[in-house]
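Have a look at the structure below before the remarks.
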Amino acid sequence: MNEPSAPGITASSILLGSDQPLTGPAAPGYSEIAPAMEAFFKYANSFGGIYGRKVSLYYQDDQYNPVITVKVVKQLVQKYNVFAIVNGFGTSTHQSVEPYLNQKQIPDLFVGSGCDCWNLPNTYPYTFGLTPSYTTQGRIIGKAINKKFPKAKVGVIYQDDDFGAGGLLGLRQSLGPNTIVATQSYDPSSLSSGLDGQIQALKAAGVNLIVSFSIPEATALELIAESGLGMEVATFTPAMSADPQSVANLIDTLSSGKISGSAAVEGVYSLTFLPTLASPNDPWIKLFAKVHAEYDSALPLDDNTIYGMSVAYLTLETLMHSGRNPTRQGVVAWLNKPGSALMGPGIVPLSYSPTSHQGYSGAQLTEVQNSTSTPQGPIYIINSRGRLTVTHSHELPPPKYFLN
């Protein structure tokens, strides 16, 4: 029998909250994530939801501004009494509310960032990351560069926060001491002035390959600057930084049509920890495409959509395993179980345990081919000794009740 077991949970409903960059510098591409999550919840509700409870998501715009993040998250908790915060998005933005959510013992699930700061279970036991650690991603990118471009002179452009710092740290761990010849940072609040100066500095240093730890708008500005300077360099980004559709559209817009976005993103290397649209017959891609057509068709079907729906599935699975009448403490306890049953669309395993809240443990290289993120080469994870090791895909098919 369903009972009101916690704030945000009634006998017939579960209310979740999220802080998202619906406007501001991170909005292009990332503003699609919350609607995709909501679409998948609506789809699940058509099958009865979780133990007969309908799941709803109330998300608010923080403009990718930490000051606003504090305001909207406190409103979600204090005014709307959400059961949990799901996929609070961004590194510096969500860092601003991590202490508050843990003090209030609010589950802080599947944070939309790969910062190592989510992996502090002794300090922040209610916070669980999702995106592979930026340090891990930097190491995987470095490994790919060593293999594909052994004589590369690498330049790095990175966001001036723990996102960029973590990626740069991992990259340095994988590359030789003299491989990185120049680095440049950027402030996401100043992207309206472009990145021409930073890219000019990298060109002057003689780089022939650029690694960009950047949000999509910064990735687009980097590629525009490279084109304007006549640079022909290989480009690498971490996961979630170079969705081909989002970045191509940004280039078309920001260059006023002077540069072809689809041509500029072709050949860009990135990472993925989820299946991609390059595999249209993948069962998760088929399911997400169906949900998108029924509940989210006003927005593109792209890597951001796949990510948002994957987050929603993991949230539903967590709620299901937390019992008919879940509590906030019960959700955390279930995720902390070593070898928990939380699997699903990820091609790499989740690393949740009492001592790890990092999330996905690795990634696979992709290259944009025909405007699609196309996986290449081995899948890497961090093993128990902290070393990169090759693994097989850990993706499991969707539950049969979602495929009717």
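Where a number appears in this text, it was derived from the coordinates with a stated rule and is not lab data. This one's a predicted model, so the numbers in the text were calculated from it and none came from an experiment. Cβ: placed from backbone, ideal geometry, glycine included. Neighbour counts: every protein chain shown.
Taking every pair of alpha-carbon atoms in the range 1-43, give the share separated by more than 17 Å as a whole percent. Walk me through the intermediate numbers first.
Values: 448 of 903 pairs.
I get 50 percent for the Cα pairs in the range 1-43 exceeding 17 Å.
Judged by the gyration tensor of its Cα atoms, with axes a ≥ b ≥ c, the range 20-157 is prolate; a/c meets the 1.5 cut and a/b is the larger of a/b and b/c. Cross-linked pairs 42/143; 79/286; 148/400; 143/203; 147/400; 148/203: Cα-Cα separations exceed 29 Å for 42/143; 79/286; 148/400; 147/400. Volume per residue of the convex hull around the Cα atoms, evaluated for the range 17-93, comes out as 76 Å³.
Remark on the range 30-71: Rg and Dmax equal 13.3, 39 Å (Cα only). Per residue, the average separation of C-alpha pairs within less than 8 Å and at least 6 apart gives the chain a relative contact order of 17 percent.
The string of couplings for the range 295-305 from the Karplus curve (6.51, -1.76, 1.60, θ = phi - 60°) is 10, 9, 5, 6, 10, x, 9, 8, 4, 5, 5 Hz, one whole number per residue in order, with x for Gly and Pro.
Calculated on the Cα set of the chain, radius of gyration then Dmax: 20.3, 68 Å. Label separation (residue 385 vs residue 299): 4.3 nm, computed from points 7 Å beyond Cα along the C-beta direction.
Peptides 248-259, 5-16 ranked from most to least packed, by the mean per-residue count of other Cβ atoms within 10 Å: 5-16, 248-259.
Amide H contacts of residue 268 (H built 1.01 Å from N, in plane; Pro and chain starts excluded): 368 sit under 5 Å, all sequence-distant by 5 or more or on other chains.
How far, in degrees from 0 to 90, does helix 216-228 lean away from the longest principal axis of the Cα atoms of the chain, to the nearest 10? Roughly 10 degrees between the two axes. Using alpha-carbon pairs under 8 Å, 6+ residues apart, how would you state the relative contact order of the range 194-322 in percent? It rounds to 20 percent for the range 194-322. Here the label points at residue 333 and residue 396, each 7 Å from Cα along the C-beta direction, are separated by 2.1 nm in the simple model. Considering only 390, 284, 168, the residue lying farthest towards the positive end of the dipole of the chain is 390, judged by Cα position with unit charges set on Cβ.
Compared with the rule-of-thumb size 2.2 N^0.38 Å for a compact globular protein, the range 134-272 has a Cα radius of gyration ratio of 0.94.
Enclosing the Cα atoms of the range 253-381 in their convex hull gives a volume equal to 149 cubic angstrom per residue. If you sort the three axes of the alpha carbon gyration tensor as a ≥ b ≥ c, you get a/c of 1.5 or more for the range 135-211 and a/b no higher than b/c, which makes it oblate. Dividing the convex hull volume of the alpha-carbon atoms in the range 243-293 by its residue count gives 95 Å³ per residue. Ordering 139, 385, 324 by the number of other Cβ atoms within 10 Å of each residue's own Cβ, fewest first, gives 385, 324, 139. Of the trypsin sites (Lys or Arg not before Pro) in the range 150-202, the ones in a loop by DSSP (not H, G, I, E or B) with at most 11 other beta carbons within 10 Å are 151. Each label point was placed 7 Å from the Cα along the Cα-to-Cβ direction; for residue 193 and residue 58 their separation is 4.0 nm.
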